[in-house]
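Heads up, the thing below is written out as structure tokens.
Taken together, the values in this text are just the output of simple stated rules run on the coordinates, not laboratory data. A quick note: this is a predicted structure, and the numbers were derived from the prediction, not measured. No Cβ is skipped: glycine too gets one built from the backbone with ideal geometry, and neighbour counts run over all protein chains shown.
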Amino acid sequence: MLFWKRTFPLLLTLLLGITFTAQYYVPHPASESLLTEVSVWGQIISGFAILLGVGSLIRSHYVKIKRREAGWGYSGVMFLSMLIMLGAGFWSGGKTEGTSFGWLYSYVFVALQGTMFSLLAFFVASAAYRAFRARTPEATVLLVAAILVMWGRVPLGEHLISGIGSVTEWIMNVPNTAAQRGILIGVSLGGIATSIKIIFGIERSYLGKD
Amino acid sequence: MSAFIGLSSGETPALPGTETLMMRELQLPRRHAGVFFACLVWGLLLLPVVGRAQETDASSAPRLEAFDMPGDAGDSIGLRWPVLTTESKTAVYRVSLSKEQTGAFTPIAEFAATTHYETDISGPWWVWGAKRKDVHFFQVKSTSDFRLERDTTYFFQVTFSDGTESLKSAIVAAAPHANLLNWAKLNNFGILVAFGATLLVSIRRARVNPHIFLRRIPGLDAVEEAVGRATEMGRPVLYLTGSGDFGGSSDPSSLATIAATVILSDVAKRVATYGAELRVPHRAPIVMAVCQEMVREAYFAAGRPDTYREDTNFFISGDQFAYTAAVDGLILREKPAANFFMGYYYAESLLLAETGATTGAIQIAGTDAEHQLPFFITTCDYTLIGEELYAASAYLSREPVLVGTLRGQDIGKGILLCVMVIGTVAITLGEIFSVPWVKTLFQLFNDVK
């Protein structure tokens with residue numbers, strides 16, 4: 001039992017990890033088709049995994065309604081929306097052009113997505129207000145840099161203060177890029193180290209404890 | 001030796017044994033023989049880099065050469081020919097292709113004569129040697145109009161036209177072949193092996209001497225405080241594993257998601273120990289399945305399997321904003337006392353963290369998505385920046401083997417830092433003093449990176 005739960009996954013990880021690390025260096029079509037094949041396997045597994053997700057979704061909302069938990073009405077809305085979308089999908093034969101399913105997708109689903117995304121503007125404003133209160137030297141630097149960047153990014157800014165655009169570009173291209181690259185170097189090394197740890201079974205906490 | 005460096009490729013190279021003859025003719029003293037041979041070795045090494053002299057062709061037609069492109073899947077052919085002295089901005093080159101030497105040639109590309117040089121090739125020096133500005137280069141690839149088939153011989157001809165005259169090259173042939181190795185990635189492989197060896201040595205040393213200093217990571221130290229606060233307030237702990245999946249090498253979020261699940265294990269153990277409530281909404285069903293197993297194990301490890309609830313981990317939606325809306329709703333309704341945002345995030349990062357901030361929860365974030373870091377830093381109490389997320393497993397467990405990898409990473413960073421300083425100094429001095437060899441050194445250096 002322990003073999004299938006611990007040893008086999010570790011062996012599989014080692015084998016696939018080394019194979020696909022080597023694949024990166026082999027341009028031969030056989031290597032490419034191996035990668036494509038495994039990607040297709042991944043898509044099939046993801047397809048089946050959706051069933052897991054839907055099962056979890058239905059279970060958690062069903063329990064909410066059953067227990068009459070706070071906000072259980074929203075769970076009812078979820079079931080209703082799911083049924084309407086599923087019904088429209090089957091009714092339209094999965095087609096989107098000129099069908100009720102396509103209409104629901106374009107005029108309800110996409111609109112709701114757009115609404116959520118547009119909230120970002122207000123959230124950015126409130127987060128910026130909190131961050132830019134110059135209470136510490138670091139926050140003051142952040143405030144000054146933000147003002148310069150914003151000033152240089154609008155046409156009026158360049159009109160009022162000539163050359164502010166160059167200052168903005170310098171801030172974005174030099175200190176900002178340097179900091180981003182510093183983070184990226186750390187992330188890349190950390191990523192390689194984590195990969196090596198997982199491939200060689202040094203990091204195995206994702207499999208649970210022994 | 002300078003005679004070698006200045007050797008034109010049109011001349012006949014020196015035959016083996018010629019060096020001895022040259023020494024005798026030049027009557028070099030014996031004590032200088034070592035210096036001479038050292039120069040010879042270095043000269044031969046640098047020959048491909050600086051050795052090929054200007055080869056501008058003042059004669060008639062372009063001297064065309066066709067070859068299989070190195071390190072590819074057998075889907076392209078390279079063409080090169082020396083620059084003609086009669087080239088001007090209005091002149092053009094036309095590349096034609098045929099499957100038979102005597103067949104009709106089909107034009108496949110036409111470009112200005114002052115473009116497409118060997119220097120445009122991005123390949124490194126150990127594959128391409130010195131890339132020259134006086135040699136034209138064109139890579140023939142499959143397009144929508146024609147398809148290059150592997151192991152099939154094709155015939156090429158280049159026509160130079162400047163309005164007054166039209167010069168055709170000789171017909172040359174080449175076949176694209178698939179290569180087993182992409183030698184251009186040799187540097188990458190070398191660095192991977194060196195870094196991997198450093199890590200394994202560090203792990204071995206950590207086993208012998210487990211007392212390795214770890215700098216404080218406040219975000220991870222605050223985990224205890226956050227869970228304790230949630231317990232005291234009788235509110236749940238919300239833990240998000242990000243928007244990532246275990247999608248393989250093409251998925252930038254895979255590693256961050258694995259790191260997030262590892263931290264979840266530790267957080268779940270503390271939550272179980274304190275008797276608080278844990279809520280883990282998911283965007284990816286596979287991540288959910290893994291997290292369910294890890295949280296269950298954590299509750300067992302904490303000695304509280306009876307308090308584990310199957311609905312601790314639950315799926316919401318694979319859609320970015322549907323998930324965000326649902327989690328925002330959960331934050332506003334249940335008002336968790338501690339919010340953890342670990343893993344990989346996209347535009348939803350601020351929507352989630354800002355909503356959490358309005359409820360007054362203690363917030364700890366950790367991501368390697370550098371574009372989302374500013375949002376987390378402004379809205380969360382603690383943020384694990386980039387690699388700190390990966391270090392969490394070692395930091396929380398303090399296992400010598402895992403801590404050893406952190407030492408290996410630091411050594412890697414130190415080496416990279418030195419390389420960057422040397423490279424920066426080299427290119428700066430090269431630009432200030434216009435020293436060609438410094439620029440050449442930088443080019444060699446740049447290819448190895």
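For region A:54-72 versus region B:367-433, the spacing of their alpha-carbon centroids is 43 Å.
For chain A, the relative contact order comes to 19 percent (Cα pairs under 8 Å, sequence separation of at least 6). Computed from the C-beta positions of A:Arg153 and B:Thr164, the FRET efficiency with R₀ = 45 Å rounds to 0.30. Phi angles of region B:144-150 translate, via the Karplus equation with coefficients 6.51, -1.76, 1.60 and θ = phi - 60°, into HN-Hα couplings of 5, 7, 9, 10, 7, 9, 5 Hz per residue; Gly and Pro are given as x. Do the sum for the protein assembly as shown: with -39,500 (n - 2.57) for every DSSP H run of n ≥ 4, divided by all residues, what is the mean residue ellipticity at 222 nm, to the nearest 500 deg cm²/dmol? Calculated at 222 nm, the ellipticity per residue is -17500 deg cm²/dmol. Neighbouring Cβ atoms from other chains, within 10 Å of the Cβ of residues in A:178-187, number 6 on average.
Counting, for every residue in B:343-355, the Cβ atoms of other protein chains within 10 Å of its Cβ and taking the mean gives 3.
Rounded to two decimals, the Cα radius of gyration of region A:92-131 over 2.2 N^0.38 Å is 1.81. Looking at region A:2-92, the trypsin sites (Lys or Arg not before Pro) that sit in a DSSP loop and have at most 12 other Cβ atoms within 10 Å of their own Cβ are A:Arg68. Note on A:51-63: average number of Cβ atoms from other chains within 10 Å of each residue's Cβ is 5. Averaged over residues, the count of other Cβ atoms within 10 Å places the peptides B:295-303, B:261-269, B:235-243 in the sequence B:235-243, B:261-269, B:295-303, highest first. Placing dummy labels 7 Å off each Cα toward the beta-carbon, the span from B:Glu399 to A:Glu69 is 3.3 nm. Per-peptide packing, taken as the mean over residues of other Cβ atoms within 10 Å, places B:320-332, B:198-210, B:360-372 in the sequence B:360-372, B:320-332, B:198-210 from highest down. Remark on region B:126-244: Rg and Dmax equal 30.4, 90 Å (Cα only). Between B:Asp120 and B:Lys335, the modelled label-to-label distance comes to 6.5 nm, taking each label 7 Å out from Cα in the direction of the beta carbon.
Straight-distance candidates among the lysines for linking to A:Lys64, with alpha-carbon spacing under 29 Å and chain neighbours fewer than 8 residues away dropped: B:Lys269, B:Lys335.
Shape call for chain A from the C-alpha gyration tensor, a ≥ b ≥ c root eigenvalues: rounded (a/c under 1.5), prolate (a/b greater than b/c) or oblate? Oblate is the answer for chain A, as a/c is 1.5 or above yet b/c matches or exceeds a/b. Computed from the alpha carbon atoms alone, the convex hull of the protein assembly as shown holds 267 Å³ per residue. Available extension along the chain between B:Ser434 and B:Glu149 is 98.0 nm, counting 0.36 nm per residue and deducting the alpha carbon span. Using a Förster distance of 41 Å, how high is the FRET efficiency between B:Ala197 and B:Arg309, based on the Cβ-Cβ distance and rounded to 0.05? Working from the Cβ atoms, E equals 0.35. Convex hull volume of the C-alpha atoms in region A:30-89, normalised per residue: 92 Å³. Taking chymotrypsin sites (Phe, Trp or Tyr not before Pro) across region B:126-213, the ones in a DSSP loop with at most 11 further Cβ atoms lying within 10 angstrom of their Cβ are B:Phe213. A simple spin-label model places pseudo-atoms 7 Å from Cα toward Cβ; at A:Ile84 and A:Ala179 they are separated by 4.5 nm. In plain terms, the C-alpha convex hull of region A:133-210 casts an average shadow of 8.8 nm² when viewed from every direction.
Its residue count N sets the reference 2.2 N^0.38 Å, and the alpha-carbon radius of gyration of region B:322-449 equals 1.55 times that reference. Pairs from the table (B:Lys141/B:Lys413; B:Lys131/B:Lys413; A:Lys197/B:Lys141; B:Lys185/B:Lys413; B:Lys133/B:Lys168; B:Lys141/B:Lys185) lying more than 29 angstrom apart at Cα are B:Lys141/B:Lys413; B:Lys131/B:Lys413; A:Lys197/B:Lys141.
Taking the DSSP beta bridges in the protein assembly as shown as the whole, what percent of them are antiparallel, to the nearest 5? Percent antiparallel among DSSP bridges in the protein assembly as shown is about 60.
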